[in-house]
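Below: the structure, in structure tokens.
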Amino acid sequence: MKIYAKLKIWQKLVIIYLVLVIPVGVLLYLLVKEKHIAIDFALKELDGTAYLRPARDLLQCAYLGLSQFETIQKGTSTPGTAWERNKDRCEKAFNSLEKLDASIGQGLDTGKGFPALREQWLSIKVRGTNLSPAEMDRLLKELIAQGLVLYTHVGDTSNLILDPDLDTFYLMDAIVVKLPEIADLLATVQDLAANSSPGPVDEAIKGNLIMTVGHIKSNIETMRRNLGVAMDNNPARNLRPSIEKTLGEKLAALENYANGIEASIVREGSGVAAKRTGLSNLTGSTAKILEEVSSLWDLLAGNLDNMLRLRIDNLRNKEYKALLFVILVLLLATLLVVLAILGINKSVSSIVHTLKNLNNDLTKEIPVISGDEIGELASIFNEHLSNMNKLLTIVKRSVDDINNSSGAIMAEIEQQSGIITQQSAAASEITATMEELNNSSRQIDEYSHRVAETADGSLENTLNGKSSMENVLKNMEQIIGDNSNNIKEIVALGKESKEIAKIMEIINNIADNSKLIAFNAALEASGAGEGGRRFGIVAIEVRRLAENVMQSIEEIDTKTNGIQKLVNKLVIASEKGSKNIHNGMDTTRSTYSLLSRIVDESQSVASSSRQISISTSQQRTAVEQTLQSIREIDEGIKVASKSIDHITQSVRCLSEFAKAQESVVDSFKIKEA
């Protein structure tokens, strides 16, 4: 199967053709051989009838000679020209038989029978004139016996006895078996009549005559019945018209002869033997009836030959017709196979040539030169080429769009990366500032508690500051909920830091007034003497606390100024970023939103700062939460920066993929839409 799979299509078709033709050729050979066997069979039968014809003539002459010498032996006639004429006839029949034996005797296997017959005839021919009638009678009987043996042998070896058709078989039976047997029985009748003595017929001879005549009549009846079957089963329907009338006459003559013998032997109702004069005429009548038998043999043998020749002609016609039919079928099959091979080879060669020279050229098409499966395959392949051409056109456009889009995305990402870098630096600075603010808030908380503990007069202002810081804490908690507005909140924080400075100025004034009041109280205490001594100590402590508060306020003012500067820087950086961002990242918008919220919350802190005296501890918590939010913003900016890096890498990979696809698409030649 592997070798068959490697063969080309035309080679496979040739193999299939041979596989189909060779069995047809074998069948044709067997058919022709069978016809030849049947023809050879019939030809051998013709050889048999041809060989039997001179053999029968020779036997006929021998029977006639036997009759002549029996009459000579009885003294009723003398040797003369009759035997000489019969001798010449026998010589002619023997010469014909000898020629046939030389040509067809080997095929009929007459190698033993004919030499014995020839020797017997030569003995009669050479010694005939010098022999007595009795000796001649003996030699002729031996010649007849040798002739009958050869006759029967040729009937067997010439296939006559094996004839397959019913009509020819019964004709063969008549000329090979029945008529020779009747002739021999007639010779027996003649011999019995010749050997009977004058006077009453011997009972033994009479019995033999009756039995022999019975055999003759039985053979006549059998032959009449058999030949009737032959005429009824003759397919050509030409046998009955040819032999029926003559056959009836000849068989009637034989029956009359047999009946005459019976009438001459036995008289009706007497039961007495016939007289010598009753059998004296049998010799002459037997010779005549032998001529009738010979004539009937010629008639039947001639019809048998004609039927055998007709059979041979029919067989040859069938053979020629079968041969012609098979040859025409083979020629037609060969023509169809050749046309199929040429058509397939042409279609396949065209497809192979186009595919070999395709070279990624999708504008080419396979020529469709047939309407069969190969043509359908070419059409489907052309359709696939067209679809591939359309697909590659779409891919090429998509690759161009990807290249253009990736370039724009890269430019936008680079711009956003710069903005995020600036925001990350600003967030880091804010974080550091908020840590310092957180420390300051802790100190303010501590000092506020101390002021609350030491001076009832400053409690109301401190509670107002705590209330303001609570408002800042609430606004800073809003910063945690929306990180995107941190920048705005920082801006607001910067504004509120100025308010905090004003508040600190108020607190500073309060502390200054407290210091002045404490100083005056100390003076009053010293003027009071021993009773104002304790009050003087309290006044000193209040003055000292006021001095500490004033010192802390100076530090807070310094830090607030630093925050204001940092906020101003962040606002300037954010304003620059907002001008460059049109469709920026959501993270940037969120950061801006968070910063905006920080500004808003810073305004709230400014309002809440008025309540700083109420809860400075809440201010500390708010500052810590704000610091945590700013740290988270800084982490978000870093994550966004990493995401931008990943997006940049992905866009670069996409751009490289698009370029690779573009090189692949460019390797194909396609039709432009």
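Some observations on this one:
- Among the residues making up region 151-171, those that are at pLDDT 90 or above and either β-branched (Val, Ile, Thr) or under 12 Å from ALA62 (Cβ atoms) (or both) are TYR151, THR152, VAL154, THR157, THR168.
- Filter result for SER602 (farther than 30 Å from HIS384 by Cβ and at pLDDT 70 or above): no
- Matching residues, region 129-142, being touching a Phe, Trp or Tyr at 6+ places or on another chain (Cβ under 6 Å) and open to solvent by less than 10 Å² (accessible area, probe 1.4 Å): MET136
- Residues in region 548-557 that are more than 13 Å from ASN513 (Cβ to Cβ) and not small (Gly, Ala, Ser): ASN548, GLN551, ILE553, GLU554, GLU555, ILE556, ASP557.
- Residue count for region 17-32 satisfying the condition of being surrounded by 12 or more Cβ atoms within 10 Å (Cβ to Cβ) and either closer than 16 Å to ASP313 by Cα or not hydroxyl-bearing (Ser, Thr, Tyr) (or both): 9.
- Filter result for THR157 (open to solvent by less than 50 Å² (accessible area, probe 1.4 Å) and free of Cβ contacts under 8 Å to residues at least 40 places away in the same chain): no
- A single entry from ALA658, ALA640 fulfils the requirement of being surrounded by 21 or more Cβ atoms within 10 Å (Cβ to Cβ), at pLDDT 60 or above and in a helix (DSSP H, G or I): ALA640.
- Residue that is part of a helix (DSSP H, G or I), touching a residue at least 60 places away in the same chain (Cβ under 8 Å) and surrounded by fewer than 17 Cβ atoms within 10 Å (Cβ to Cβ), where the choices are ASN513, ASN509, ASN561, ASN520: ASN561
- Members of region 47-63 found to be open to solvent by 30 Å² or more (accessible area, probe 1.4 Å) and either under 15 Å from THR152 (Cβ atoms) or of a type in the set (A, V, I, L, M, F, W, C) (or both), listed by number: ALA50
- Residue count for region 300-325 under the criterion of being buried (at least 18 other Cβ atoms within 10 Å of the Cβ) and either closer than 12 Å to ILE175 by Cα or among the hydrophobic types (A, V, I, L, M, F, W, C) (or both): the result is 8.
- Leading residue by the ranking (surrounded by the most Cβ atoms within 10 Å (Cβ to Cβ)) among those in region 375-393 that are polar (S, T, N, Q) and under 26 Å from VAL348 (Cα atoms): ASN389
- Meets criteria (under 25 Å from GLY48 (Cβ atoms), among the hydroxyl-bearing types (Ser, Thr, Tyr) and at pLDDT 85 or above) for SER242: yes
- Exactly one residue out of LYS356, LYS396, LYS346 is more than 30 Å from SER650 (Cα to Cα) and either surrounded by 15 or more Cβ atoms within 10 Å (Cβ to Cβ) or under 24 Å from the mean Cα position of the chain (by Cα) (or both), and it is LYS346.
- Scan of region 208-247 for residues that are open to solvent by 40 Å² or more (accessible area, probe 1.4 Å) and not in a helix (DSSP H, G or I), ordered by number: ASN233, PRO235, ALA236, ARG237, ASN238
- Residues in region 4-15 that are free of Cβ contacts under 8 Å to residues at least 60 places away in the same chain and either assigned to a helix (DSSP H, G or I) or polar (S, T, N, Q) (or both): TYR4, ALA5, LYS6, GLN11, LYS12, ILE15.
- Lone qualifier among ILE344, ILE327 - being part of a helix (DSSP H, G or I), modelled with pLDDT under 75 and of a type in the set (A, V, I, L, M, F, W, C): ILE344
- Hey, VAL24 more than 17 Å from LEU140 (Cβ to Cβ) and modelled with pLDDT of 80 or more or not: no
- Some residue of region 248-270 being among the β-branched types (Val, Ile, Thr), modelled with pLDDT of 90 or more, crowded, with 19+ Cβ neighbours inside 10 Å and under 22 Å from GLU181 (Cβ atoms): no
- Filter pass, ASP372 being on the phi < 0 side of the Ramachandran plot, open to solvent by less than 50 Å² (accessible area, probe 1.4 Å), among the acidic types (Asp, Glu) and modelled with pLDDT under 75: no
- Residue in region 23-42 that is part of a helix (DSSP H, G or I), of a type in the set (Asp, Glu) and touching a residue at least 40 places away in the same chain (Cβ under 8 Å) present: no
- LEU332 vs. criteria without any contact (Cβ under 8 Å) to a residue 60 or more places away in the chain and under 42 Å from the mean Cα position of the chain (by Cα): yes
The values are calculated or read from the model by the stated rules, or taken from the named source; none is laboratory data. Bear in mind the structure is a predicted one, so any value in this text is a computation, not a measurement. All Cβ positions, glycine included, derive from the backbone under ideal geometry; neighbour counts span all protein chains shown. With ligands, DNA and RNA removed, areas are computed over all heavy atoms of the protein, side chains included. Shrake-Rupley method; radii C 1.70, N 1.55, O 1.52, S 1.80 Å.
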